[in-house]
Amino acid sequence: MKYENINYLYLLPLVFIVTAAYVVFFKNRQRALTKFVQAELLDTLVQSVSKTTQIIKAAFAVTAILFIIFSLIQPMWGYRWEEVERRGIDIVVAVDTSRSMLADDIKPNRLEAAKREIKDLLSIVDGDRVGLVAFAGSVFIQCPLTLDYGAFNLFLDDLNTNLIPVGGTAIGDAIKRSMTAFSDKSKKHKAIVLITDGEDHRGNAVEMAKAAKEQGIIIYTIGVGKKEGAYIKIRDKDNNEVLLKDKEGNVIKSHLDEVTLNKIALETGGAYSPAYGTKWGLANIYKNIIAKMEEKQLSSKKIKLYENRFQIPLFIALIFILLESLWGMGAKKKKREENV
């Protein structure tokens, strides 16, 4: 036997409390009768209110409470097998981990803000497989497509700008590697969410987007950062915060390349959304676009479904309540007829 809601067992002490209350009530009533009622009238009062009847009625009430609690915990026995299909789409989230993502025009910085938004996205994803790709100057699959959102979150937490030693931002390579994460050969049910500041140092991003389109993959781009750009703060050898400079000693300023990101999205029939401050569009893209894509069967299995039998103890409780109400009515009626 299984139970659906075991938490209601905390009501069990109520049975003992009610039982104790009845015992105290009967004792106090007997003591009061003995103290205040004349001896010659005591027998008449006791006969009019049968002690046995009152005990039986109290037992019915306590038993009814017990079965009501049993009904609330919803006992289950007996089962049936049911085949359950899990349907959804495959989503690969590709995240820029280059040092430009350390710019703090979005607090605390672009990368941490991106990770926060991805976690929010994960909280509304329903039945879809998700994968994670990290990229900078090179690319690797951080987490393959999975239905285990807990494992995905662990990989997401590990993302940082030291993960990939090769500098730069290879958006085209990120798209190419993300395409290999899809095991399904069909040209449906697949999406890439590309999160970056858009500074493509290889220049092949749009060409890779065309290749993705040929495979039926839709790319949605999220542009992280402000249009005016921001300086990149890093830690030096002495752990002091300094601005990132190029080989010539010039301070580097990271700019959001919305033109490239728009081209990538439009090439595949996707959409571009900027991430200015709190105006992230990641959740909206999922709710309004990705979630409405044609789904495929991701898994199928038979599960054992137990039958909820809460109706049985509830019915028994109602019977005891009815008995408690009706018990002794015949004796009272008979007594009244004798008095008449």
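Tell me the residue from ILE290, ILE234 that is closer than 25 Å to LYS210 by Cα and modelled with pLDDT under 85, please. Write out each step before concluding.
Working: ILE234 fails: closer than 25 Å to LYS210 by Cα.
None of the other options fit; the residue is ILE290.
For residues in the range 140-165 being of a type outside the set (A, V, I, L, M, F, W, C) and assigned to a strand (DSSP E or B), which is nearest to ASP104 (Cα to Cα)?
Looking only at the range 140-165, we keep the residues that are of a type outside the set (A, V, I, L, M, F, W, C), and these are 142, 144, 146, 148-150, 153, 157-158, 160-162, 165.
Adding the requirement that they be assigned to a strand (DSSP E or B) leaves 142, 144, 146.
Working: GLN142: 24, PRO144: 29, THR146: 31 Å.
Here the answer is GLN142.
For the range 211-275, give me every one of the strands (runs of 3 or more DSSP E) that falls completely inside it and has 2 or more residues that are farther than 18 Å from ILE171 by Cα. Break it down into steps so the answer makes sense when it comes.
Working: elements: 217-224, 233-235, 241-243, 272-275.
Counting at least 2 such residues, we get 233-235, 241-243.
In the range 199-207, is there at least one residue being over 25 Å from the mean Cα position of the chain (by Cα), in contact (Cβ under 8 Å) with a residue 40 or more places away in the chain and part of a helix (DSSP H, G or I)? Full working, then the answer.
Quick first cut of the range 199-207, residues over 25 Å from the mean Cα position of the chain (by Cα) only: 199-207.
Subsequent filtering for residues that are in contact (Cβ under 8 Å) with a residue 40 or more places away in the chain retains 199-201, 205-206.
Restricting the remaining residues to those that are part of a helix (DSSP H, G or I) gives 205-206.
Yes: one or more hits.
Can you go through THR52, THR63 and tell me which one is in a helix (DSSP H, G or I), at pLDDT below 85 and hydroxyl-bearing (Ser, Thr, Tyr)? Show your work before the answer.
Values: THR63 fails: at pLDDT below 85.
Testing whether each residue is in a helix (DSSP H, G or I), at pLDDT below 85 and hydroxyl-bearing (Ser, Thr, Tyr) leaves just THR52.
Applying the selection to the range 102-135, what residues are at pLDDT below 90 and touching a Ser or Thr at 6+ places or on another chain (Cβ under 7 Å)?
LEU102, ALA103, ARG129
Inside the range 105-135, can you point out the residues that are of a type in the set (A, V, I, L, M, F, W, C) and over 22 Å from ASP200 (Cα atoms)?
Taking the range 105-135 and keeping what is of a type in the set (A, V, I, L, M, F, W, C), we get 106, 111, 113-114, 118, 121-122, 124-125, 130, 132-135.
The answer is LEU121, LEU122, ILE124, VAL125, VAL130.
The values are calculated or read from the model by the stated rules, or taken from the named source; none is laboratory data. If you're wondering where the values come from, they're calculated on a predicted model, not measured in any experiment. Glycine gets a Cβ as well: all are built from the backbone with ideal geometry, and neighbour counts include every protein chain shown.
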